[in-house]
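Reviewing the structure listed below.
What follows is calculated from the coordinates using simple rules that are stated; it is not laboratory data. For clarity, every value in this text was computed on a predicted model and none was experimentally measured. Note that each Cβ is placed from the backbone with ideal geometry, even for glycine, and that neighbours are counted across all protein chains shown.
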Amino acid sequence: MNTHTQNSKGWILFLYASFIIAMGATLIGAWMTEMTLEMKAFVTMGTLLITSSSFTLAKTLRDEHEAQRFHNQLEDARTEKLLREVDAA
């Protein structure tokens with residue numbers, strides 16, 4: 001049973017635009033604030049690290065979900081096979 005649906009091109013474009021605007025606004029805001037250069041660099045580095053960690057977390061959770069789904073499909077197939085064998089006997 002495949003329940004995967006395709007995302008529209010408009011939705012994907014919206015996601016890219018939202019990400020770029022949010023990242024740009026955050027970084028511009030950090031650099032326009034009156035702070036020392038070291039503080040601006042620290043805020044920028046933190047923003048980039050949080051973004052990178054968010055992507056890594058999302059990918060890892062998706063991979064775990066996919067692996068669990070695959071495992072469940074295998075278990076369902078084994079169960080179906082056992083039920084067929086019991087019904088045939």
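Quick notes
- Flag if L74 is assigned to a helix (DSSP H, G or I), under 18 Å from the mean Cα position of the chain (by Cα) and of a type outside the set (S, T, N, Q): no
- Residue in region 54-64 that is in contact with a Ser or Thr (Cβ under 7 Å, 6 or more places away or on another chain), surrounded by 10 or more Cβ atoms within 10 Å (Cβ to Cβ) and hydrophobic (A, V, I, L, M, F, W, C) present: no
- Within region 5-34, tally of residues that are basic (K, R) and surrounded by 10 or more Cβ atoms within 10 Å (Cβ to Cβ): 0
- Cβ-Cβ under 6 Å pairs, at least 6 apart or on other chains, region 8-26 side under 19 Å from G46 (Cβ atoms), far side surrounded by 10 or more Cβ atoms within 10 Å (Cβ to Cβ): T26/T47
- If the condition is being part of a helix (DSSP H, G or I) and loosely packed, with under 10 Cβ neighbours inside 10 Å, then region 36-53 contributes L37, E38.
- Members of region 24-55 that are more than 26 Å from the chain's Cα centre (by Cα) and among the hydroxyl-bearing types (S, T, Y): T33, T36
- Residue within region 56-68 that is without any contact (Cβ under 8 Å) to a residue 40 or more places away in the chain, assigned to a helix (DSSP H, G or I) and more than 15 Å from the chain's Cα centre (by Cα) present: yes
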